[in-house]
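Student: Handing you this structure, nothing more for now.
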Amino acid sequence: MAQNNQGALRNDIDKRSPALLMPVMLAIAWVISLASGIASFSPRLLVGLLVAFFLLCVFVLVKAEHLTAMRYKKNFLLVAALAFVGYILLSALWSAYPLTALQKGLWLTLVIFSVSMTPLLLAQMSPLQLYRCARGILIGLLIGAIFLIEEYATGFAILSFGARQFPDLVQTIGPEKQVPLYFLNNNVTVLVLLIWPALLITLPRNNKKIKSLGLALVLGGMLFILYKTQSATAQLAFLLAAITWLAARFMPNHIHLIARSLWTLAVIGVIPVIMAVHYVGLQKLTSLPYSFRDRLHIWNYTARLVPESPVLGIGIRSNRANQIEKHRQISHAYPGKLFDHKGWHSHNMFLQTWYELGAIGSGFILLIGLLMLKGIERIEEYKRPFAYAAMTSFSIIAAFGYGMWQSWLLATYGWTAIFLLIALKYEKYKR
């Protein structure tokens, strides 16, 4: 940001909001800063911080009398997302864990409203308040990235010290109580998601020297973290997101069609693709990581169960019913061998949706994704690559990494969208 622009932000006086809202706006900036910083330390804390952000947003919008604007604005994405939540809550009727279905549906509702209220909140912010939020995102992620670099460079020095002092707080393995290499996988995954909004805030539009230096520092740190991490999902997500950024930057007229086609294929074609991969025997290639080959077995096992309830699905988390006993029996039958089996979850959002929520749930996922991509298409061309890269990171992590109902992951998706909305709004003050 140019010096005179920064000075204007610092001297800005908020004339939009009542004086009562000024400390609340400052609290929101602190919550955003804490969320950005804590993401690389303990992703699970993002849940509580998102609740705090939601409550503060409601307070601001009620006081500013703008909360009702959400009703009247034609927001088809919000309508589709809330309809999906309604179907999730309805699925509690046939889920083996009805309380879990209700809990996850309500949590997803809070995430959706937190993201949907963000544009209204930003409309109430002065440039100074927006600057504080953007600065908090950058400082927080910088602290988090430095922590990850330090831990990987020193062999988990801080975590090892924490494990000795607080043995119940930090997970360890083996007789020597070592912190496992995969302990920070979730932390790196969160960083891979949040890095793209931060880059949009950081990189100036015209100053090529600063842009080159900034890119070198960011990419150098990210490459070191990704080289050290045990999370192949995070590595793949960042690689494909970077390719997407380049494609959106240099092929802006083609990226829209490519993105819509790939999303449609991921939703509609996930089951036949999984079965085809299993048929050609990819899961037998010992050159592939063990965890990925095991995941291929989980995918094939789950895909073959989808036709048992193709329309409504079996209900959220119902695949966990009797899972432990069944896995134990099969493990004794095939000791030391990989085999098709049911996992705690499908490790694939698209497959898990088909299995637990059926064709109706998958139809919602298809519609919501296409509406999100439609919204990205309306972003200014300079900003668009960052949004596409964030969408790619989300898609890859959802398709290969985790169960779709993990609360910290849903919170991370919400924070990624919130950070991106802040970055898009803030970018107009940059030169």
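The values are calculated or read from the model by the stated rules, or taken from the named source; none is laboratory data. What you see is a predicted model; the values in this text were computed from it and never measured. All Cβ positions, even for glycine, are placed from backbone atoms using ideal geometry, and neighbour counts span all protein chains on display. The accessibility values were calculated without ligands, DNA or RNA, using every heavy atom of the protein model including side chains. Shrake-Rupley method; radii C 1.70, N 1.55, O 1.52, S 1.80 Å.
Student: For helix 407-426, what angle does its Cα long axis make with the longest principal axis of the chain, in degrees from 0 to 90 and rounded to 10?
Tutor: It is inclined by approximately 30 degrees.
Student: Fully extended, how many nm does the chain gain between Leu257 and Arg293 (0.36 nm per residue separation, minus their Cα-Cα distance)?
Tutor: That works out to 9.8 nm of additional length.
Student: So what is the accessible area of the range 136-294 per residue, in Å², with the probe set to 1.4 Å?
Tutor: Here the per-residue accessible area is 57 Å².
Student: Rg(Cα) of the range 222-273 divided by 2.2 N^0.38 Å?
Tutor: 1.41
Student: Let me ask you something else. Roughly how many debye, to the nearest 20, is the charge dipole of the chain about its Cα centre, given +1 on each Lys and Arg Cβ, -1 on each Asp and Glu Cβ, and no other charges?
Tutor: 840 debye
Student: What percentage of the solvent-accessible surface of the chain, computed with a 1.4 Å probe over protein heavy atoms, is contributed by carbon and sulfur atoms?
Tutor: 66 percent
Student: Further, regarding this structure: In whole Hz, what ³J(HN,Hα) sequence does the range 363-378 give by Karplus (6.51, -1.76, 1.60; θ = phi - 60°), x for Gly and Pro?
Tutor: Those phi angles translate into x, 5, 4, 4, 5, 4, x, 5, 5, 4, 5, 5, x, 5, 4, 7 Hz.
Student: Between Arg249 and Ile146, how high is the FRET efficiency from 1/(1 + (r/R0)^6) when r is the Cβ-Cβ distance and R₀ = 22 Å? Nearest 0.05.
Tutor: According to the calculation, E is roughly 0.20.
Student: Okay, next question. Give me the angle, in degrees from 0 to 90, between the Cα long axis of helix 323-333 and the longest principal axis of the Cα atoms of the chain, rounded to the nearest 10.
Tutor: Orientation of helix 323-333: about 50 degrees from the principal axis.
Student: Taking θ as phi - 60°, what are the ³J(HN,Hα) couplings along the range 186-202 by the Karplus curve (6.51, -1.76, 1.60), each to the nearest whole Hz, with x for Gly and Pro?
Tutor: Each residue of the range 186-202 in turn: 4, 4, 5, 4, 5, 4, 4, 6, 7, 5, 6, x, 5, 5, 5, 5, 6 Hz.
Student: Cα axis of helix 21-38 to longest principal axis of the chain: angle in degrees, 0 to 90, nearest 10?
Tutor: Once rounded, the angle reads 40 degrees.
Student: While we're looking at this one, here's another question. Considering Cα pairs under 8 angstrom that are at least six residues apart, work out the relative contact order of the range 74-204 and quote it in whole percent.
Tutor: After rounding, I find 16 percent.
Student: Rounded to the nearest 0.05, what FRET efficiency do Ile268 and Glu176 give with R0 = 56 Å and r taken as the Cβ-Cβ distance? Could you check?
Tutor: It comes to 0.70.
Student: Can you find, among Val170, Ile225, Val270, the residue sitting farthest towards the positive end of the charge dipole of the chain, where Lys and Arg contribute +1 and Asp and Glu -1 at Cβ?
Tutor: Working it through, the farthest residue towards the positive pole turns out to be Ile225.
Student: In nm, to one decimal, how far is the modelled label at Leu90 from the one at Leu240, with both set 7 Å along Cα→Cβ?
Tutor: So the label points at Leu90 and Leu240 sit 3.1 nm apart.
Student: For the range 81-203, how big is the tail of P(r) above 22 Å, as a whole percent of Cα pairs?
Tutor: 61 percent
Student: Given R₀ = 30 Å, what would the calculated FRET efficiency be for Lys284 paired with Tyr227, taking r from the Cβ atoms and rounding to 0.05?
Tutor: 0.60
Student: Which pairs in the list Lys63/Lys425; Lys104/Lys228; Lys374/Lys425; Lys74/Lys383; Lys74/Lys428; Lys63/Lys104 are over 27 Å apart, alpha-carbon to alpha-carbon?
Tutor: Lys104/Lys228; Lys63/Lys104
Student: Evaluate the relative contact order of the chain (contact order divided by residue number), counting alpha-carbon pairs under 8 angstrom at least 6 apart; express in whole percent.
Tutor: Computed value for the chain: 25 percent relative contact order.
Student: Turning to a different aspect of this structure: Skipping prolines and chain starts, which residues have an amide H placed within reach, meaning under 5 Å, of the one on Ile314, given they are 5 or more residues away or on another chain?
Tutor: Close amide H contacts, sequence-distant or interchain: Glu356, Leu357, Gly358.
Student: Could you work out how much longer the chain between Leu219 and Met22 gets when fully extended? Use 0.36 nm per residue separation minus the Cα distance between them, nm to one decimal.
Tutor: Net length gain for the segment: 67.3 nm.
Student: Separate question: Can you give the Kirkwood hydrodynamic radius for the range 377-431, in Å, rounded to one decimal and based on Cα pairs?
Tutor: 12.4 Å
Student: Amide H of Gln178 versus every other amide H placed in the peptide plane: which residues, excluding those fewer than 5 positions away on the same chain, fall under 5 Å?
Tutor: Those lying under 5 Å, H to H, from Gln178 are Ile173.
Student: Tell me, what are the semi-axes, in whole angstrom and largest first, of the equivalent ellipsoid of the range 342-428 as set by the roots of 5 times the Cα gyration tensor eigenvalues?
Tutor: Those come to 27, 15, 10 Å.
Student: Using Cα centres only, tell me the gap between the range 221-277 and the range 95-114 in whole Å.
Tutor: Computed from Cα coordinates, the inter-centre distance equals 28 Å.
Student: A further question follows. Hey, rough spin-label estimate for Leu338 and Thr154, points 7 angstrom out along Cα→Cβ, what's it come to in nanometres?
Tutor: 3.7 nm
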